[in-house]
Amino acid sequence: MKTGMLKISPGFEEIMPPEYRELVDNGPYGKDYGIGDLGSYKELLEEHPLCAGCGLALSLRLTLASLPMPEDTVIVGSTGCSALAFPQVALHNIHSLFGNQNAVASGLKRALKLRFPEKEKDVVVIAGDGATADIGLDMVMQSWLRREKITTIMLDNEAYANTGGQESGMSMQGAVLNMAPTGKKFPKLSLPEIAHTCGCAYVAAASPAKPKQLAKVVRRAILVAREIGPTYVQLYSPCPTNYKFNPKETVSLIKQREKDGLYQSKEYISQEAQAFLESIEVKK
Ligand SMILES: Cc1ncc(C[n+]2csc(CCOP(=O)(O)OP(=O)(O)O)c2C)c(N)n1
Ligand code: SF4
Ligand SMILES: [Mg+2]
């Protein structure tokens, strides 16, 4: 796409909204911006309706700022809180039926390869834990087993937040939510390990409490998916509204969980992906 497609037809500059003009002049398309440049350019998502202190909003902002090639990226989302922000993201994005996101992304990736054989197009799924680990798990795992060259990013808030707080497969054992008042009876699902077993070439768990690490794993996952095969990133993104903590404490809560050994960052890299990453990271 690059800025060419965004360019305003001569004579229309005056009537285009200022945000659009700013995006054309000062957006990230075609530039090699990373999270270190945040604050110096027009971001792909600036306003959104998510709650104050929402962990998803933090993860989403950092993820969008870490895309290696936003102008050639299509996001596939699913129903859930994050979907409320997607209409305001200045990127091609598709809202798929809840749980179908990896099936839609697989078809899209294949179609883009046929339509633009000479071009790289990154297809990135960004969906909640309910969509990824519960209702869509079949489609997610099948896309990994088929080795689709897509990246799956889970925004893990450990709940069905958008529907008022049910437990999900990703909630911790004992978690109490509005609609799980006696506490969850089963342990949190180990999706990174499942992704690894299902053949993902690159798997990582990270959080917005460590922005540089988050940026690195998102970038790695997208680049490996382009060249080698499916990749999975799990971003721990707590929800102050459903877990009823102070919205100012989202980042400190993540750090505390890490200290208590209840959350840990991870990375599984296949040999092929490791060799590929070494070659491009050394070059850079
Ligand atoms: C096919 C279908 N089933 C169920 C729903 C209801 N629904 C909407 S959002 C949601 C929960 C989403 O949870 P999650 O994926 O974790 O996203 P979050 O809201 O926590 O970000 C559910 C069950 C729906 N919209 N469509
Ligand atoms: S309910 Fe939770 S996950 Fe949803 S927007 Fe609010 S803080 Fe974020
Ligand atoms: Mg959720």
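Bear in mind that the values in this text are calculations on the coordinates, not laboratory data. Just so we're clear, the structure is a prediction, and the values are computed from it rather than from any experiment. Positions of Cβ are generated from backbone atoms using ideal geometry, with glycine treated the same way; all protein chains shown enter the neighbour counts.
Since only V89, L60, I228 are under comparison, the one whose Cα sits farthest along the positive direction of the charge dipole of the chain, derived from C-beta charges on Lys, Arg, Asp and Glu, is I228. Panel order for M170, M179, M141, by other beta carbons found within 10 Å of each beta carbon, from fewest to most: M179, M141, M170.
Using the alpha-carbon positions of the range 53-148, Rg (one decimal) and Dmax (whole number) come out as 13.2, 42 Å. Using Cβ point charges alone (K and R +1, D and E -1), the dipole size of the range 1-143 about the Cα centre works out to roughly 500 debye.
Treating only the Cβ of Lys, Arg, Asp and Glu as charged (+1, +1, -1, -1), what charge dipole size does the chain show about its Cα centre? Round to the nearest 20 debye.
Dipole of the chain, to the nearest 20 debye: 500 debye.
The distance from the alpha carbon centre of the range 71-118 to that of the range 13-34 is 22 Å, rounded to a whole number.
In this label model, S252 and E14 are separated by 5.3 nm, measuring between points 7 Å along each Cα→Cβ vector.
Working from Cα pairs under 8 Å separated by at least six residues, relative contact order for the chain is 18 percent.
Helix 271-283 and the longest principal axis of the C-alpha atoms of the chain enclose an angle of approximately 50°. Modelled spin-label separation between T163 and L114, with each label point placed 7 Å from Cα along the Cα-to-Cβ direction: 3.4 nm. At full extension, F245 and A275 could sit 6.5 nm farther apart than now, given 0.36 nm per residue minus the alpha carbon distance.
Less than 5 angstrom separates the built amide H of G183 from those of L177, all sequence-distant by 5 or more or on a different chain. For E267, the residues 5 or more places off, or on other chains, whose built amide H falls under 5 Å of its own are A205.
Ranked for footprinting exposure by Cβ neighbours inside 10 Å, fewest first, D122, D32 give D32, D122. Phi angles of the range 89-104 translate, via the Karplus equation with coefficients 6.51, -1.76, 1.60 and θ = phi - 60°, into HN-Hα couplings of 8, 7, 9, 4, 8, 10, 9, 9, 4, 3, x, 8, 4, 6, 6, 5 Hz per residue; Gly and Pro are given as x.
The longest part of the chain holding none of the exposed loop GluC sites (Glu not before Pro), meaning those outside H, G, I, E and B in DSSP with at most 12 other Cβ atoms within 10 Å, is 119-284. A Gaussian network model of the chain, with springs between Cα atoms under 10 Å, assigns the largest mean-square fluctuation among P49, P70, P18 to P18.
In the chain, a dipole from Cβ-located charges (positive for Lys and Arg, negative for Asp and Glu) runs towards its positive end, and of A103, W144, I126 it is W144 whose Cα lies farthest in that direction.
The Kirkwood radius of the range 31-283, taken over pairs of alpha-carbon atoms, gives through the Stokes-Einstein law at 25 °C and 0.890 mPa s a diffusion coefficient of 136 µm² s⁻¹. With neighbours defined as other Cβ atoms within 10 Å of a residue's Cβ, the residues V176, V203 order from fewest to most as V176, V203.
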